[in-house]
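Have a look at the structure below before the remarks.
What follows is calculated from the coordinates using simple rules that are stated; it is not laboratory data. Keep in mind it's a predicted model, so treat the numbers as computed, not measured. Don't worry about glycine lacking a Cβ; one is built from the backbone with ideal geometry, like all the others, and counts go over all protein chains shown.
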Amino acid sequence: MYHLYLVTSVGGRAGFGIATDYRERNKQYASHSGDIVKFSYIYGGLRTHAKAIERTIKTQFSDNIWIVDDWKTEWLKDGVTMQDLKAYVDQLLNERSFYRLKVIAEDYDFKQGLIDPN
Amino acid sequence: MTFKFNYEEVVRKPNPMVEINPLKRGKGRTVNLQDRVDKLNKNAAWKKTTKLWTAMNKTFDLTRFPQVSMEPLGALDIDEDIQRELDEKHCANRIANPAVFDPALLQPVICIKTSKGKFISIDAQHTVSTVAGLIDAGLVPGVTDWKEFKFPFMYIETNNLSYARKAFSILNGKGKKKQSQYQQLRNSVFVIRIDKDRSDEDDVKVEKLVAAAESHLCFPVEEDSTLLKHPGTFSNISTFKSLSINEIDTACGWHDKYFHYEGVHVSLFFIYRDLCREFGSAKIPLSGKLQEELAAMIQKLFGNLSQFQESVTEAHRRWHEKSYGYKGSWNDDAYACALVQLYQKFGGKEKVAPTLLDRFDNLIEFFDEDIMGLAD
């Protein structure tokens, strides 16, 4: 199983990414930020579908990427909330029902270990 | 084994590109230079550059500004160490082509003027050679001696040949912003659509290709354009132009029918180029059922063609290394072969061109396990 996660930074900024091992990825966020970082939502499913959705988000949110001194980060700019991002992903999954991806965890951090996807 | 997948409809939404397609018509407006200066003054890169000029105490040296004058062609020399060999066919078939030649489109010679009064050409030797040749051939009424014929020269005064060498390099590519493939395509389209000039068969063909794509809501746009977020857009112009009108019509028709909610991935053109050509050679119809089942398979296994491309590229990398023992470069022919081979693996029964089955032997076995596991 592969994963698409929606992450909220310590400061409240929304971001997203993909990972095979979401627990390890969450640890890396904690290590870099010096604090527990929450994956607000983790979607699990087919690797290709998770990657396709991540790419679609990148394209559709291209105007909403947080840019610092000409550097494009992997976070969304001020004013674009986690609710906006979650609503967009859910809309995609509803409209494109062939995507085999579903929410397997909410408000997750690595201390919770691995989640049973069922 | 029956075919595993059914295509799932996605609700069609109005495509904003229908209204904002830049090729639909020209902007129909002219701006003055102030508009461009204003744009520069708002640009971060421009601000950085002007700051750098100040920091370096650099100023615009007016004494280096080029001069322009009308000079006799006989005054011009061509340094063969600076300019390329004359391409006689270029002069004959492109510049002097009687169907398109127009003196109004000639560019001035760019050259240096030495302290001895010699002009040495940096750019436009083909233009001036053509003009001199036409005079020599008696094709310029009232002019008999090309050496006396006055032509616009743009030059700076210097004896430094290294300047000329650098300038030639800049004028012929290095440092010059070249026309992009999209800009060239746009020019061809506007020559037909705005200027109503159908004299150049290349322009006519390009406009027909674009019209065929547009009829299926597919739209060429500039590389890195913000329009690429809209469905049906694509920026790989050179591959697009390599297909026939029928191939573009079929490819874009398939995209619009099944993936109207996605951008056009370049693999679409490679896939349909090969499907059309190989099925055509084998006299096998590219059936509607086959095309729908291919779309269903792409949806269910990959989501879209962009992800199919990523998966097939990785499978090809593994396949090549396993088959030949070293890393090989990607081959665009693998798109259609992999697609048709996957189709049969997942129970597809429609007749396919055999030439797409016996290449890249066992390639599909190198797709990820989570993909191939769905066949069980």
Checking the conditions here, which among A:81, A:73, A:56 is among the hydroxyl-bearing types (Ser, Thr, Tyr), within 24 Å of residue B:229 (Cβ to Cβ) and within 14 Å of chain B (Cβ to nearest Cβ)? A:56
For region B:281-316, what are the residues that are part of a helix (DSSP H, G or I), touching a helix residue (DSSP H, G or I) at 6+ places or on another chain (Cβ under 9 Å) and over 22 Å from residue A:58 (Cα atoms)? B:281, B:290, B:291, B:292, B:293, B:294, B:295, B:296, B:297, B:315, B:316
So residue A:50 ticks every box in (1) at the interface with chain B (Cβ under 10 Å from one of its Cβ atoms); (2) surrounded by fewer than 17 Cβ atoms within 10 Å (Cβ to Cβ) but one. Which box is left unticked? (2)
Among residues of region B:209-250, those that are more than 14 Å from every other protein chain (Cβ to nearest Cβ), touching a residue at least 24 places away in the same chain (Cβ under 8 Å), surrounded by 15 or more Cβ atoms within 10 Å (Cβ to Cβ) and not hydroxyl-bearing (Ser, Thr, Tyr), counted: 19
What single numbered condition from (1) in a loop (DSSP other than H, G, I, E, B); (2) of a type in the set (A, V, I, L, M); (3) in contact with a Cys (Cβ under 9 Å, 6 or more places away or on another chain) fails to hold for residue B:154? (1)
Within region B:262-275, does at least one residue satisfy the condition of being small (Gly, Ala, Ser), within 13 Å of another protein chain (Cβ to nearest Cβ) and within 25 Å of residue B:6 (Cβ to Cβ)? yes
Looking at the structure I just gave you, is residue B:301 within 14 Å of chain A (Cβ to nearest Cβ), surrounded by 18 or more Cβ atoms within 10 Å (Cβ to Cβ) and either over 21 Å from residue B:13 (Cα atoms) or aliphatic (A, V, I, L, M) (or both)? yes
Note: among B:314, B:278, B:293, B:350, just one is closer than 14 Å to residue A:48 by Cβ and either within 14 Å of chain A (Cβ to nearest Cβ) or surrounded by 14 or more Cβ atoms within 10 Å (Cβ to Cβ) (or both), namely B:314
Of the residues in region B:92-106, those that are surrounded by 12 or more Cβ atoms within 10 Å (Cβ to Cβ) and under 24 Å from the mean Cα position of the chain (by Cα) come to B:94, B:95
Which condition does residue B:13 not pass, out of (1) under 30 Å from residue B:300 (Cα atoms); (2) surrounded by 11 or more Cβ atoms within 10 Å (Cβ to Cβ), if it passes all the others? (2)
Of the conditions (1) surrounded by fewer than 22 Cβ atoms within 10 Å (Cβ to Cβ); (2) touching a residue at least 12 places away in the same chain (Cβ under 8 Å); (3) farther than 18 Å from residue A:48 by Cα, residue B:371 fails just one. Which one is it? (3)
